[in-house]
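Student: The structure's right below; bear with me while I get my questions together.
The values are calculated or read from the model by the stated rules, or taken from the named source; none is laboratory data. Just so it is clear, the model here is predicted, and its values are computed rather than measured. Note that each Cβ is placed from the backbone with ideal geometry, even for glycine, and that neighbours are counted across all protein chains shown.
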Amino acid sequence: MLLKTARLLSVPALLASAAIVAGPFSTPVRTEEPQAKEKSHAEEKPRAEELKAAGGKRYQREDILKAIYLCNFGRYIQWPEKSATMPRPPFVVGVLGPDPVADILDEIAKDKKIVGRPIQVKRFATMADYTPCQVMFICSDVAVAEKTAAIEKFKNSTVLLVGEEPQFARRGANINLATDENHVRIEINLEISKQAGLKISSKLLSVAEIVTGLRD
C-alpha cells in the first residue's frame, strides 16, 4: 500500500523545522503535517515517486521522530562510567532488522553529535551479529525469536534496549516508542533501567509513560 505523501518528508526538513536533536523532549509528538495552503488541483497529493524525484529521499515522519529520539536518549540518560557497552569516542546506535530508522540515523550522523561525540550507526541482521552499542533499536518486523533473544541478551545490561511495538517495554525493553493515533509515545520500564544502572533524567521521565514488567 502506498504511503500517504502528507506523512513523507526529508530528514533535513524536519530537523530545520523542529530542531529536536538540539532541544528537549516533547510528548506526545504529533506525526501529522501542518495544514498546507490551498493548492491548485494539479498540485494536490503528489505521489511518493514525485517527492523523491523532486529532491532527496523521503521517510515517514514517525520514523524520523523515532530516530531523533534514539539520539536524544544519549542526552537524557546516564550510563555507568565504566560500562563495557560504552565504546568511545562514538555514540553507537544499533538497529536490528530492516528499518528506515537506520537510514535516517545515517543522515543525522552526518552533522550531529551527542554530548560532543560523533554518532555511529550499526546494522544487524540477527542478534548473532551484535557488537557493542549504547542503544539497540529492535525493528517491529524482526522475528519473535530474535526479539526474545535481544531481551535475554540485554537482561541486566547497560545497553539501552528500545522497541516499537505494543508491550515491548513491559516484556523487558527499557523503552518503547509507540505510535498511537498520530502520536509517538515514549514508554519507559523504569524498574529494569534502574536495575541496569541506567539513570534517566527527570525531564525525560516527565514526558514518558512509566510501565512495569520484568525481563525474567
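Student: Read through the list (1) surrounded by fewer than 18 Cβ atoms within 10 Å (Cβ to Cβ); (2) among the charged types (D, E, K, R); (3) not in a loop (DSSP other than H, G, I, E, B), then give the number of the only condition that K155 fails.
Tutor: Answer for K155: the failing condition is (3).
Student: When you look at I210, is it buried (at least 20 other Cβ atoms within 10 Å of the Cβ) and at negative phi, yes or no?
Tutor: no
Student: Identify, from the list L160, L177, the residue that is modelled with pLDDT of 95 or more and in contact with a Lys or Arg (Cβ under 7 Å, 6 or more places away or on another chain). So that I can check it myself, show each step before the final result.
Tutor: Values: L160 fails: in contact with a Lys or Arg (Cβ under 7 Å, 6 or more places away or on another chain).
Of the residues listed, the single one that is modelled with pLDDT of 95 or more and in contact with a Lys or Arg (Cβ under 7 Å, 6 or more places away or on another chain) is L177.
Student: Let me ask another. When only residues in the stretch 158-179 that are small (G, A, S) and farther than 17 Å from C71 by Cβ count, which is surrounded by the most Cβ atoms within 10 Å (Cβ to Cβ)?
Tutor: For the stretch 158-179, the residue satisfying everything is A173.
Student: How many residues does the stretch 127-139 hold that are surrounded by 14 or more Cβ atoms within 10 Å (Cβ to Cβ) and within 22 Å of R171 (Cβ to Cβ)?
Tutor: So the count comes out to 9.
Student: Okay, moving on. For the stretch 90-126, name all the residues that are of a type in the set (A, V, I, L, M) and surrounded by fewer than 19 Cβ atoms within 10 Å (Cβ to Cβ). Talk me through it step by step, then tell me what you get.
Tutor: Filtering the stretch 90-126 for residues of a type in the set (A, V, I, L, M) gives 92-93, 95-96, 101-102, 104-105, 108-109, 114-115, 119, 121, 125.
Matches in the stretch 90-126: V115, A125.
Student: State the number of residues belonging to the stretch 181-207 that are touching a residue at least 12 places away in the same chain (Cβ under 8 Å) and either surrounded by 19 or more Cβ atoms within 10 Å (Cβ to Cβ) or charged (D, E, K, R) (or both).
Tutor: 15
Student: I'm told A149 meets every condition in (1) part of a helix (DSSP H, G or I); (2) in contact (Cβ under 8 Å) with a residue 60 or more places away in the chain; (3) touching a helix residue (DSSP H, G or I) at 6+ places or on another chain (Cβ under 6 Å); (4) among the hydrophobic types (A, V, I, L, M, F, W, C) except one. Can you identify the failing condition by its number?
Tutor: Condition (2) is where A149 drops out.
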